[in-house]
Amino acid sequence: MRDWLVHIRRNEHASLQTQIREALVSAILDGQLAREEPIPSTRKMAKSLGVSRNTVVLAYQGLLDDGYLKARERSGYYVAEKALDGASTPKQPLKQAASGAGIDWSSRLTMQPADQANVSKPLDWQSYTYPFIYGQVDHTLFPLAEWRDCARQALGKKWLGSWTNDTWAHDDPLLVEQIRRRILPRRGIMANDDEILVTLGAQNALYLLTTLLVGRDTRAGMEEPGYPDVRNIFNLSTPHVSLLPVDEKGLVPSEAFDACDLVFTTPSHQFPTTVTMPLERRMELLKRAAKHDVVIIEDDYEFETNYVNEPCPALKSLDDDGRVIYVGSLSKTLFPGLRLGFLVAPKNIVAEARALRRLMVRHAPNNNQRTAALFLSLGHHDTLIRRLHRAYRTRWEIMGEALKQYLPDASRVPSFGGTSFWVKGPAGLDSDELGRTAAAKGVLIEPGHITFGTTDAPRNFYRLAFSSIAEQKIEPGIRILSDLVRR
């Protein structure tokens, strides 16, 4: 037994028994242990690791049952010959992977997305006292028991074939049906099954559409300020990205809009300013798009979080020409880690997107699709939306009052609802610096300059979200933030 072979950590989430088992399996499959190589006795292993002998015995027994080890009477434990069947066993001692320092990788790369500016958020955001962070969920609001029940059903024998099989480029028909019958009609959209594609979140849908519709000569337009990931995706495909102005009614109809081949917009809840595009503005955009042959990608993010006013119909529902492609996501009402979204487009576009998706990821995980489909079909999603509306409405009101008291005239109350406020700080404020200072006080905010595409972007805007913060923490968090702003 080599001293470096097995390491365990007592603060790990996995049990000691599991860690011992995983370490030995990895050593066997990686070729660090050869066929017929002896394994330390349970007593010696227990003493070496400082654990009870029973823990090691149970780990070894599991490996014996699974065929990784074999026991010889009065001799001990050995690596079973069949354990390495199909494994890659190096003939030479393992060595550290080459770093590639001698290769000029930059000359070989066709693109360098790592150089782009992106939104950065701490993974440990839950450890902050006042997390005004966007896109996360309050786990206390999620119906875990209902989701677990749907997952149990999806993984049961009845649905075994629906998620264990490789379905190539096809989606779960039950999920497509639920999107078509339950989700889209709320936005005024009627679609056939072949006009719907399930994606790995809205982000995946946007990348697929850009890959299909945007080339080096394409004139792509987007809102300014706007969703930075879309700007980055566009910039990978074309140097002709137009930043289109936004006012209190959303995207402004303009000659710059008319000159585009394709435009990305968030009419229901503009990202990040939260303004909602009124019906007359939507009709004007569609009229200009038809006149100048502009294709529109409508991202209807947070479409289920309108708890203030009557919903305005989606831009696609008003489109008579079939030039609006609709993108939606289940992340904001279920949970972002699920990574399920969808797009709605003419069937020939969906067919091409389906073929492209197949080359990338084939399809979204079938077990997640079926679980989400059952969650929708059994009415749990509708119940969750009502619960979110009540919670978000309360938080929306508390944050509105707190901002009015501590940061007056810094923001406008989102008429749509949603889960965030767009805040304008004093002219000399640097929201990046404010973010660092606030984080040290336990307050997480999102600096807003990343949403602007110009080099001289204003730095005094920032976003405050309330989807993942308890309502009793909103007012004290805003109070701390206001003290930092006034310094």
Practice task
State whether the residues of the stretch 53-65 include one that is open to solvent by less than 100 Å² (accessible area, probe 1.4 Å), outside any helix (DSSP H, G or I) and at pLDDT below 90.
Solution key: no
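Here is a yes/no grid of residues against (1) more than 24 Å from Phe271 (Cβ to Cβ); (2) among the acidic types (Asp, Glu); (3) not in a loop (DSSP other than H, G, I, E, B):
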position	(1), (2), (3)
Arg370	yes, no, yes
Thr383	yes, no, yes
Leu388	no, no, yes
Arg393	no, no, yes
Leu403	no, no, yes
Ser415	no, no, no
Trp422	no, no, yes
Asp432	no, yes, yes
Practice task
Identify all residues within the stretch 422-463 that are hydrophobic (A, V, I, L, M, F, W, C) and either open to solvent by 40 Å² or more (accessible area, probe 1.4 Å) or over 27 Å from Asp138 (Cβ atoms) (or both); write none if there are none.
Solution key: Ala427, Leu429, Ala440, Phe452, Ala457
Fill in the blank from the handout: Residues in the stretch 124-161 that are open to solvent by 30 Å² or more (accessible area, probe 1.4 Å) and in contact with a Lys or Arg (Cβ under 6 Å, 6 or more places away or on another chain) total 2
Problem - Matching entry among Asp194, Asp166, Asp217 (being open to solvent by 50 Å² or more (accessible area, probe 1.4 Å), of a type in the set (Asp, Glu) and within 15 Å of Glu352 (Cβ to Cβ)) - result: Asp194
Handout entry: Test: residue in the stretch 237-253 that is in a helix (DSSP H, G or I), more than 27 Å from Pro113 (Cβ to Cβ) and open to solvent by 40 Å² or more (accessible area, probe 1.4 Å)
Key = no
Practice task
For the stretch 405-421, enumerate the residues that are farther than 23 Å from Leu141 by Cβ and either of a type in the set (A, V, I, L, M) or crowded, with 21+ Cβ neighbours inside 10 Å (or both).
Solution key: Leu407, Ala410, Ser411
Completion exercise
With criteria (1) touching a Lys or Arg at 6+ places or on another chain (Cβ under 7 Å); (2) in a strand (DSSP E or B); (3) farther than 19 Å from Phe257 by Cβ, Tyr301 comes up short on (2)
Practice task
Could you tell me whether Met277 is in contact (Cβ under 8 Å) with a residue 12 or more places away in the chain, open to solvent by less than 20 Å² (accessible area, probe 1.4 Å) and closer than 27 Å to Tyr392 by Cα?
Solution key: yes
Problem - Residue pairs meeting the criteria (Cβ under 9 Å; at least 6 apart or on separate chains; first farther than 12 Å from Arg72 by Cα and open to solvent by less than 50 Å² (accessible area, probe 1.4 Å), in the stretch 32-45; second assigned to a loop (DSSP other than H, G, I, E, B) and among the polar types (S, T, N, Q)) - result: Ala34/Thr89
Exercise for the section: Filter the stretch 366-399 down to the residues that are of a type in the set (Ser, Thr, Tyr) and over 22 Å from Ile474 (Cβ atoms), then identify the one that is most open to solvent (accessible area, probe 1.4 Å). Expected result: Thr383
Exercise for the section: Report whether or not Ala402 is touching a Lys or Arg at 6+ places or on another chain (Cβ under 8 Å) and open to solvent by less than 20 Å² (accessible area, probe 1.4 Å). Expected result: yes
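The values are calculated or read from the model by the stated rules, or taken from the named source; none is laboratory data. Keep in mind that this is a model prediction, so the values were computed, not measured. All Cβ positions, even for glycine, are placed from backbone atoms using ideal geometry, and neighbour counts span all protein chains on display. Areas reflect the complete protein model, heavy atoms only, side chains present, ligands, DNA and RNA absent. Shrake-Rupley method; radii C 1.70, N 1.55, O 1.52, S 1.80 Å.
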